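Worksheet: the structure to be examined is printed underneath.
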Amino acid sequence: MSNAQGRRVVVGADFAGFELKEEVKRHLEERGWVVTDLTPERDGVPMYHRVGFVVGSRISERQFEKGLIFCGSGMGIHIAASRCPHVHAAVCESVETARRAATANNANVLALGAFYTAPRLANAMADAFLDHSLGDGYESWEGFYDYHKIGYDETESFDYAAYKANGFCVVDPAEAELGAEPCGLAF
């Protein structure tokens, strides 16, 4: 299995995100990442949602642990990727949200919008996302990991029909107590 721990990542972009993808890809390769680019040529790149599907499918099939996707806003490609099973995509516009997507939400796909994200910021966001995992940096926050792991697990196994049949309530919800926020925690 290819994964982030093995410093392997899958990427893809539509026409609007192509140049930003190229910059981030160069940056990651310089840092020792093996980047599998599913849209290596600008000519003929698929529409944003189809790129989301193809990158998302590589995550769904467990060929990669994490992926990066690029379009104009990050929104459309993120929605499409999230339609693939086991994909938890996040649209981020700051280093802090990219890190938090990985550490609190266990996101496995980062969507970036080239219309709104400068290359150096995108590089830093990719680093923050790829270099962190669920719970990283929050070890001193009692219950943080357990609380967020429940959120991830319930989202991963969400069954809308069962949810609806249960009066629009989660069936057998798990519980975890989140301790007091540690002093000095900025985000």
**Q.** Long-range neighbours under 9 Å by Cβ, at least six apart or interchain, first residue within 18 Å of Pro119 (Cβ to Cβ) and open to solvent by 20 Å² or more (accessible area, probe 1.4 Å) within the stretch 77-101, second assigned to a strand (DSSP E or B) and of a type outside the set (Lys, Arg)
**A.** Val91/Leu110; Val91/Ala111; Val91/Leu112; Val91/Gly113; Glu93/Leu112; Glu93/Gly113; Thr97/Ala90; Thr97/Val91
**Q.** Which numbered condition Val109 misses (of (1) open to solvent by less than 10 Å² (accessible area, probe 1.4 Å); (2) over 14 Å from Val11 (Cβ atoms))
**A.** (2)
Q: Among residues belonging to the stretch 5-18 that are closer than 24 Å to Leu134 by Cα and open to solvent by 10 Å² or more (accessible area, probe 1.4 Å), point out the one that is modelled with the lowest pLDDT.
A: Gln5
Q) Looking at the stretch 155-185, which of its residues are among the hydrophobic types (A, V, I, L, M, F, W, C) and in contact (Cβ under 8 Å) with a residue 24 or more places away in the chain? A) Ala174, Ala176, Leu178, Ala180, Leu185
(Q) So for the stretch 119-128 (the condition being closer than 28 Å to Glu30 by Cβ, charged (D, E, K, R), out of contact with any Asp or Glu (no Cβ under 6 Å at 6 or more places or on another chain) and touching a residue at least 24 places away in the same chain (Cβ under 8 Å)), does at least one residue qualify? (A) yes
Q) Residues of the stretch 114-157 being surrounded by 14 or more Cβ atoms within 10 Å (Cβ to Cβ), at pLDDT below 95 and farther than 27 Å from Gly184 by Cβ, which ones? A) Glu154
Q: Can you work out which of the residues in the stretch 19-43 that are under 18 Å from Ala80 (Cβ atoms) and crowded, with 20+ Cβ neighbours inside 10 Å is nearest to the chain's Cα centre (by Cα)?
A: Lys21
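The values are calculated or read from the model by the stated rules, or taken from the named source; none is laboratory data. Because the structure is a prediction, the values reported are computed rather than measured. All Cβ positions, even for glycine, are placed from backbone atoms using ideal geometry, and neighbour counts span all protein chains on display. Side chains included, ligands, DNA and RNA excluded: accessible areas come from the protein's heavy atoms. Shrake-Rupley method; radii C 1.70, N 1.55, O 1.52, S 1.80 Å.
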